[in-house]
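The values are calculated or read from the model by the stated rules, or taken from the named source; none is laboratory data. Please read these numbers as outputs of a predicted model, since none were measured by experiment. FYI the Cβ positions are ideal-geometry reconstructions off the backbone, even for glycines, and counts take in every protein chain you see. Surface areas here come from the heavy atoms of the whole protein model, side chains and all, with no ligands, DNA or RNA. Shrake-Rupley method; radii C 1.70, N 1.55, O 1.52, S 1.80 Å.
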Amino acid sequence: EGGVRSEEHPEPRQNCASGFKAVTGSSLDVIQGLTVTEAEIVHDYVQLAFGSEIGISIYNPITITPQSTAVEMLVGKTIISVAEDRKGIDFNFDDETRLKIDLRPDAYKSPEALELNRKGLPTAIWN
């Protein structure tokens, strides 16, 4: 829980300075500045695409603010920053919309909280 692994590195990397499992230079930094091109709920998880090269599947609960924003309304919005800690991940968009992914231990519905797929690179998995 609370770590990131990839198919190449099955064990989460430790950030010793912070005292908890975290990514040193998050893999999610790659989506900063990108615009959501597809956003949908598939069964019980959320998929976001950033063109044809990068996609994210989110399996843990999310909160979008403002609350009136549906997942599908994220299309066309650009991520300006990503903040990650052991409790969650925040995607902050250019219009002040925020998507928060819950990473607390009791939020997990499956072994993985989310996965980042990048064409030509190993899948990064938050578990």
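In the range 58-69, is there at least one residue being within 12 Å of the chain's Cα centre (by Cα), in contact (Cβ under 8 Å) with a residue 40 or more places away in the chain and under 16 Å from residue 117 (Cβ atoms)? Yes, that holds for at least one residue. Restricting attention to the range 105-115, does a residue exist that is within 17 Å of residue 27 (Cα to Cα), open to solvent by less than 40 Å² (accessible area, probe 1.4 Å), small (Gly, Ala, Ser) and assigned to a loop (DSSP other than H, G, I, E, B)? The answer is yes; a qualifying residue exists.
Would you be able to tell me the number of residues in the range 44-64 that are surrounded by fewer than 14 Cβ atoms within 10 Å (Cβ to Cβ) and either over 28 Å from residue 106 (Cβ atoms) or touching a Leu at 6+ places or on another chain (Cβ under 6 Å) (or both)? Residues that pass the stated criteria total 3.
Is the range 21-43 home to any residue that is modelled with pLDDT under 95, within 17 Å of residue 104 (Cα to Cα), open to solvent by 50 Å² or more (accessible area, probe 1.4 Å) and not in a loop (DSSP other than H, G, I, E, B)? Checking the range 21-43: at least one residue is modelled with pLDDT under 95, within 17 Å of residue 104 (Cα to Cα), open to solvent by 50 Å² or more (accessible area, probe 1.4 Å) and not in a loop (DSSP other than H, G, I, E, B). Looking across the range 65-103, the residues that are open to solvent by 20 Å² or more (accessible area, probe 1.4 Å), β-branched (Val, Ile, Thr) and part of a strand (DSSP E or B) come down to 65, 78, 80, 82.
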